[in-house]
Amino acid sequence: MIKLMGVSKKFKMGENEIIALDKMDIHIGHSEFVAIVGPSGSGKSTLMNVIGCLDTPDEGEYFFQGQNISKASDNLLAEIRNRKIGFIFQNFNLLSKFNALENVEVPLHYRGLKAQECRKRALIYLAKVGLSGREDHKPNQLSGGQQQRVAIARALVGEPELLLADEPTGALDSITGQEIMGILRDLHSQGHSVVLITHDQKVAEQADRLLKIQDGRVCAKETV
């Protein structure tokens, strides 16, 4: 599903050049649950942006399902993000003025689906994450764990082929974090491909395979 070949990404900070990704090679297959783990500044966020088609490499090639993303147009990148990748973020990224149901509907509206179909699908996926009866609650009326469940429902509602989770337990207490990891493991068992970005070794070990990165390079590959 995912193949990075010699991928590099650099940034300018004043007069200095920062190498965020340094000739990185990564292969991730369909239906895998892979954790990418590393300390702050290791290149995790940049790697997530490349995998999620939020950014493109300066050097090397990135193939998503056999398609060369390195040369894709902005329109194609937007279509892949909307249809093929579900994003789960540490800080949930919910719209504060929208209730849970409306937040889950957002990606479907971007696809141009009719309101009735958006509502139907959003209700199904809120039920899947255990939030039936909370549809009318706004984010500030939900706990952190419930907000992350809304975010997971939003990521799933478009039926993507890849779930990309960036520190999904980082803003949660340990018990709630375990509940969220349980949901991700269940989704993987149902056939979803999951890529988890984390700095937490214990969280990473709940995946099937670990890729450890340091200074923009893969420094270890482990099967859990």
May I ask you to evaluate 6.51 cos²θ - 1.76 cosθ + 1.60, the Karplus curve with θ = phi - 60°, for each residue of the range 43-55 and list the ³J(HN,Hα) values in order in whole Hz, giving x for glycine and proline? x, 4, 5, 5, 4, 4, 5, 5, 4, x, 6, 8, 8
Quick one: Debye curve from the C-alpha atoms of the range 49-175, no solvent, what's log10 I(q)/I(0) at q = 0.14 Å⁻¹? -0.64
Compactness summary of the range 127-175: radius of gyration and Dmax from Cα atoms, Å, are 11.4, 31
Before I look further, what does the range 130-189 give for accessible area per residue, probe 1.4 Å, in whole square angstrom? 41 Å²
Over 25 Å apart: what share of the alpha carbon pairs of the chain falls there, rounded to a whole percent? 40 percent
Expected-Rg normalisation [2.2 N^0.38 Å, Cα atoms] applied to the range 50-114: 1.32
Give me the 1.4 Å probe accessible area per residue for the range 22-94, excluding ligands and nucleic acids, in Å². 45 Å²
Quick one: which residues, 5 or more positions from SER8 or on another chain, have an amide H under 5 Å from its amide H? H modelled 1.01 Å from N in the peptide plane, none for Pro or chain starts. LYS23, MET24, ASP58, GLU59, GLY60
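Provide the gained length on full extension for the span GLU117 to VAL224, in nm with one decimal, where the gain is 0.36 nm per separating residue minus the Cα-Cα distance. Can you show the working numbers first?
Numbers: separation 107, 0.36 × 107 = 38.52 nm, distance 4.01 nm.
Answer, rounded to one decimal: 34.5 nm.
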Collect residues whose amide H, placed 1.01 Å from N in the peptide plane, falls under 5 Å from the amide H of SER193; neighbours closer than 5 in sequence don't count. SER31, LEU163
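Compute the length gained on full extension between GLN201 and LYS97: take 0.36 nm times their separation in residues and subtract their Cα-Cα distance, giving the result in nm to one decimal.
Values: separation 104, 0.36 × 104 = 37.44 nm, distance 3.52 nm.
Length gained between GLN201 and LYS97: 33.9 nm.
Among DSSP bridges having both ends in the range 67-224, what percentage is antiparallel? Round to the nearest 5.
Working: 6 of 16 bridges.
For the range 67-224, the DSSP antiparallel bridge percentage is about 40.
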Quick one: work out the % antiparallel among DSSP beta bridges in the range 135-224, nearest 5. 55 percent
Provide Rg and Dmax in Å for the range 114-212, with only Cα atoms included in the calculation. 13.9, 44
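Tally up the carbon and sulfur contribution to the accessible surface of the chain as a whole percent, 1.4 Å probe, everything protein left in place.
Solvent-exposed carbon and sulfur of the chain make up 46 percent of the total.
The values are calculated or read from the model by the stated rules, or taken from the named source; none is laboratory data. Note that the coordinates shown come from a computational prediction; the quantities given were computed from them, not determined experimentally. Protein only, heavy atoms only, side chains kept; ligands, DNA and RNA dropped before computing areas. Shrake-Rupley method; radii C 1.70, N 1.55, O 1.52, S 1.80 Å.
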